1. For residue 78, are the conditions met, namely being at pLDDT 95 or above, in a strand (DSSP E or B) and within 30 Å of residue 5 (Cβ to Cβ)?
2. Considering only region 142-158, I want to know if a residue exists there that is more than 16 Å from residue 247 (Cα to Cα) and in contact with a Gly (Cβ under 6 Å, 6 or more places away or on another chain).
3. When you go through (1) among the basic types (Lys, Arg); (2) touching a residue at least 60 places away in the same chain (Cβ under 8 Å); (3) over 18 Å from residue 119 (Cβ atoms); (4) open to solvent by 80 Å² or more (accessible area, probe 1.4 Å) one by one for residue 189, which number turns out not to apply?
4. On the given criteria, is residue 161 touching a residue at least 12 places away in the same chain (Cβ under 8 Å), open to solvent by 50 Å² or more (accessible area, probe 1.4 Å) and of a type in the set (Gly, Ala, Ser)?
5. Looking at (1) in contact (Cβ under 8 Å) with a residue 40 or more places away in the chain; (2) open to solvent by 60 Å² or more (accessible area, probe 1.4 Å), which one does residue 149 not meet, given that it meets all the others?
6. If you take the residues of region 23-41 that are under 12 Å from residue 12 (Cβ atoms) and surrounded by 13 or more Cβ atoms within 10 Å (Cβ to Cβ), which of them is farthest from the chain's Cα centre (by Cα)?
7. Specify the residue that is most open to solvent (accessible area, probe 1.4 Å); the eligible residues are those in region 1-22 that are among the polar types (S, T, N, Q) and outside any loop (DSSP other than H, G, I, E, B).
8. Among the residues of region 117-143, which ones are under 29 Å from residue 70 (Cβ atoms) and part of a loop (DSSP other than H, G, I, E, B)?
Amino acid sequence: MEVESVMVTGANRGIGLEFVKQLVKLPKPPRIVFATYRNESTVQDLKDIQEKCKETQIVLIQMDVSKINDIESAKNIISQKVGDKGLNLLINNAGVAKYQGFPEITEENMLFHFTTNTVGPVMVLKVMLPLLQKSAAQKKSEKSVSRAAVINISSLMGSIAELTVAQPKEYLKVLGYRVSKTALNMAMRVAALTIKDQDVLVVNMCPGWVKTDMGSDQAMLEPSESISSMLNTFPNLNESHHGTFLDRNGKTILY
């Protein structure tokens, strides 16, 4: 996989941070990685990578995916850096999760998840689409991550088909999160089919249950395992994967 520029949202911790760590260590790393974060107090790990990195320019951007003005400002920064080459790869990763099940669920909890996990990624893609289209115009190959793509970090918990009575009841206690990921899957499926002729690959991907602040220590995977699997899958993604929902190894997940 060869990518010129990558934007990673929610890059200051967990899965996003691991993406930055591994992207800059690729045999042919990106020329630029745009790493977004929400709070200034949480960027020290990114700054450490930035200082040590020689081959890749890491550009830190303060951006809250729930604020359209932040997204527009981020686009301006990215546009100035990439110029006519556009943005090669968008990793829509920023997300939130809070435990609350039914019937305890509140309107506040539902909107909290929906705003960040569904509306945010859709707005990021909407704003960054012209930059992705510029990147796509640089090559005449089929859809691929190396040409122009958005990878939306979803979750198996967003699959209606996968939710059965056999699953532990504990998995039902994140109602707002599950619903927001289901909505994300549908939103990006609609986006993918709408722009299917525009040469920008759109894929939803589950990283697995990862040991992060969000995934908890009970999770099965270390961040390094999850991200290395996804990065190994990226080069194999093509037109046939446009608008699909995959696990980290490229296996199709039923919506």
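1. Working: at pLDDT 95 or above: yes; in a strand (DSSP E or B): no; within 30 Å of residue 5 (Cβ to Cβ): yes.
No.
2. No, that holds for no residue.
3. Checking residue 189 against (1) among the basic types (Lys, Arg); (2) touching a residue at least 60 places away in the same chain (Cβ under 8 Å); (3) over 18 Å from residue 119 (Cβ atoms); (4) open to solvent by 80 Å² or more (accessible area, probe 1.4 Å), the one that fails is (3).
4. Yes; evaluated as a whole, the condition is true for this residue.
5. Only one criterion is unmet by residue 149, namely (2).
6. Taking region 23-41 and keeping what is under 12 Å from residue 12 (Cβ atoms), we get 35-41.
Still in the running and surrounded by 13 or more Cβ atoms within 10 Å (Cβ to Cβ): 35-38.
Working: 35: 12, 36: 11, 37: 13, 38: 15 Å.
Step by step, filter region 23-41, then rank; the result is 38.
7. Filtering region 1-22 for residues among the polar types (S, T, N, Q) gives 5, 9, 12, 22.
Of the ones still in play, those that are also outside any loop (DSSP other than H, G, I, E, B) are 5, 22.
Values: 5: 1, 22: 36 Å².
Here the answer is 22.
8. 137, 138, 143
The values are calculated or read from the model by the stated rules, or taken from the named source; none is laboratory data. As the structure is a prediction and not an experimental result, all values here were calculated from the model. Please note: Cβ atoms are built from the backbone with ideal geometry, for glycine as well, and neighbour counts cover all protein chains shown. Accessible surface is based on the protein model in full, side chains and every heavy atom, while ligands, DNA and RNA are left aside. Shrake-Rupley method; radii C 1.70, N 1.55, O 1.52, S 1.80 Å.
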